[in-house]
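For reference, the structure discussed in these notes is given below.
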Amino acid sequence: MGKNEGEENGFDPENHNQEEEEEEKKKHLKEEELSVERIFENQEVPSWRKQLTVRAFVVSFVLSILFSFIVMKFNLTTGIIPSLNVSAGLLGFFFVNTWTKLLQKSGLLRQPFTRQENTVIQTCVVASSGISFSGGYGNYLFAMSERIAKQSTDTLDIKKLSLGWMIGFLFAVSFLGLFSVVPLRKIMIIDFKLTYPSGTATAHLINSFQTPQGAKLAKKQVRELGKFFTVSFLWGFFQWFYTAGENCGFANFPSLGLKAYDSKFYFDFSTTYVGVGMICPHIINISLLVGGILSWGLMWPLIGDRKGDWYPADLSSDSFSGLQGYKVFIAIALILGDGLYNFLKVLSQTIVGLSHQLRYKDASSGLPVADHSSLVSSRLSYDDKRRTQLFLKDQIPTLFAVGGYVAIAAIAMAILPHIFHQLKWYHILVIYIFAPTLAFCNAYGCGLTDWSLGSTYGKLSIFIIGAWAGASQGGVLAGLAACGVMMNIVSTASDLMQDFKTGYLTLASPRSMFVSQIIGTAMGCVISPCVFWLFYKAFDDLGQPGSQYPTPYAVVYRNMALLGVKGFSSLPKNCLLLCYVFFGGAIMINLIRDLVSKKWARFIPVPMAMAIPFYLGSYFAIDMCVGSLILFVWGKINKVKADALAPAVASGLICGDGIWTLPASIFALAGLKPPICMKFLSRGNNAKVDKFLGS
């Protein structure tokens, strides 16, 4: 019997086919092991209406109040807002899961708790608390007030703060961004497959909650969060109970560390910023510390000693024409340099990525549309097929999005000039014409880099609209109001696309995501102004340098508006030269970070973070570095436990101290003083007191 060609060459076709089949089976099994959706294959996906439950929005409302206090505290202290998505997801899971377990035991449970409902809660809470940032209480909106104007050279262009017009302003500007990018959701999520790292990470967290092992871990995380929430809350109460601040004759709770120039370099036992330090990347915390050492440790003592050469000797260091002016404008130079560099960087990446997507897009590969799942390419994995089918099932009509955008824009053009008579209808029209393009750029860039440039677009609006209106026509207020309009549009657009990515990965309907975002935004338009108003009425020194709530970015944004309408004539002596140096330095540092390898880039500070201590000092930077140190040591001892529980511990520290501000504000409004006064003195001062008492 003769041999065929395959056998003659030592190749058995039958065995080869078996090997191929075995390899294919192994590959298929491996895909099943890695597949998330196979775990949930037997679970029915509820309709978009069933994903929007009453209990979900009740929990969202409670959590929105909590997170609004937390974000507001960050706004009014340092302006650094950490990601609270993990905390929102964890607490949402805890509240609803506990409630459903109780109903299940009593036999009253009608609808089980699903990951889609968890996604709706997280989306609603983040949308609501996000208004606490984009509402401008720590920057453009508070910059309009008389309190902040007194710290600059212009005290004429002011807007008296009122709860009514703040709520009306937010309702007029906060929804437009949601409609601007809705028609692009398929392009962003499916066609371009943008990663949106924060949205993806949140989805993985929510998916893991619903698995047996994930639910077990979630319960551990919630326990840790609750434990450290209690510790942090009680620590806040202890600090209030035993120390009365200025009412007791001293500045703050006992601090540790070097008290450098103007006593701005110390550790003050803040659980909030220890927790923030555990969440923020190490390089951010190090950057804050570097900025503090460079400013309060070196620059301000040098300039302060040369008083008279740099600014009039008869003016105090808190005067805008004095040292305060250098603090503000050098911080502005660093922020603008870093912002411009990253704006151009992300914009270039957006253009290159977009052109690549359009050029190399395979037009022959069919993507599914509603009710046509058979068009899904066989090259897609099981997860991708299932997610894509459901993501495109519940369409949001393009006509609805366009019509909503036009209707809200028309309403805003009619309302905003009545709130800010300096901002004309044609200013708003120009913003709304360009806003969808900028919103797309921001949403696309955020998908690539996880970096939202909403505040950068807002700063551009300050300069453009402020210069257009002119100083004589209230250009300062016009620029700040325009900043709010633009910032809300582009920020909410990128946030919505992040939520769409989360919903895509958890099989939550785009319609439920959109409705949840709208409800959360509406909640935020009422909750966040009320929370700010509580702070504003409770603390008379809100916004003052050296106070408990100095709101550094409010001063920075107002002076940006002054630069836009008045030019460089408002700068103190020699300040322009220093601004050039630090502006160029910020660009150079960013350039070096991008040119060197990742191994070395992680040691190069971030200019945006360095800028904050130039105005505020470094007390919070040391707190945050302590948080980094705790996380580092914990990771060395038990990396698995640290990775799993550190976010929950950090969230507990932040939430506990953050929610303490509610009773603290109420006590301040009621004029309630702490019952015990303690004063901590140095050894030398204590000896003087003993000597005085002895005499």
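The values are calculated or read from the model by the stated rules, or taken from the named source; none is laboratory data. Given the structure is predicted, the values throughout are model-derived calculations rather than measurements. Please note: Cβ atoms are built from the backbone with ideal geometry, for glycine as well, and neighbour counts cover all protein chains shown. When the accessible area is computed, the model is the full protein with side chains, heavy atoms only, and any ligands, DNA or RNA have been set aside. Shrake-Rupley method; radii C 1.70, N 1.55, O 1.52, S 1.80 Å.
Things worth noting here:
- Residue match in segment 533-543 (condition: crowded, with 17+ Cβ neighbours inside 10 Å and under 19 Å from Ala611 (Cα atoms)): yes
- Subset of segment 44-76 [hydroxyl-bearing (Ser, Thr, Tyr) and open to solvent by less than 10 Å² (accessible area, probe 1.4 Å)]: Ser60, Ser64, Ser68
- Annotation: Met610 fulfils all but one of (1) touching a residue at least 60 places away in the same chain (Cβ under 8 Å); (2) among the hydrophobic types (A, V, I, L, M, F, W, C); (3) open to solvent by 30 Å² or more (accessible area, probe 1.4 Å); the unmet one is (3).
- The residue of segment 110-143 that is surrounded by the fewest Cβ atoms within 10 Å (Cβ to Cβ), among those that are among the aromatic types (Phe, Trp, Tyr) and within 20 Å of Leu163 (Cα to Cα), is Phe133.
Residues are listed down the side, and each one gets a yes or a no for (1) touching a helix residue (DSSP H, G or I) at 6+ places or on another chain (Cβ under 6 Å); (2) open to solvent by 50 Å² or more (accessible area, probe 1.4 Å):
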residue: Ala410; (1), (2): no, yes
residue: Leu423; (1), (2): yes, no
residue: Thr437; (1), (2): no, yes
residue: Gly458; (1), (2): yes, no
residue: Ala467; (1), (2): yes, yes
residue: Leu480; (1), (2): yes, no
residue: Cys483; (1), (2): yes, no
residue: Met486; (1), (2): yes, no
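- Sub-6 Å Cβ pairs linking a first residue in segment 426-442 that is at positive phi to a second residue that is part of a helix (DSSP H, G or I) and open to solvent by 60 Å² or more (accessible area, probe 1.4 Å), at least 6 apart or interchain, number zero.
- Wholly within segment 269-347, helices (runs of 4 or more DSSP H) carrying at least 2 residues that are modelled with pLDDT under 80: 300-305
- Matching residues, segment 552-601, being more than 17 Å from Leu336 (Cα to Cα), under 26 Å from the mean Cα position of the chain (by Cα) and open to solvent by less than 20 Å² (accessible area, probe 1.4 Å): Ala601
- Residue identified as open to solvent by less than 20 Å² (accessible area, probe 1.4 Å) and either under 18 Å from Val86 (Cα atoms) or touching a helix residue (DSSP H, G or I) at 6+ places or on another chain (Cβ under 7 Å) (or both) among Leu176, Leu217: Leu176
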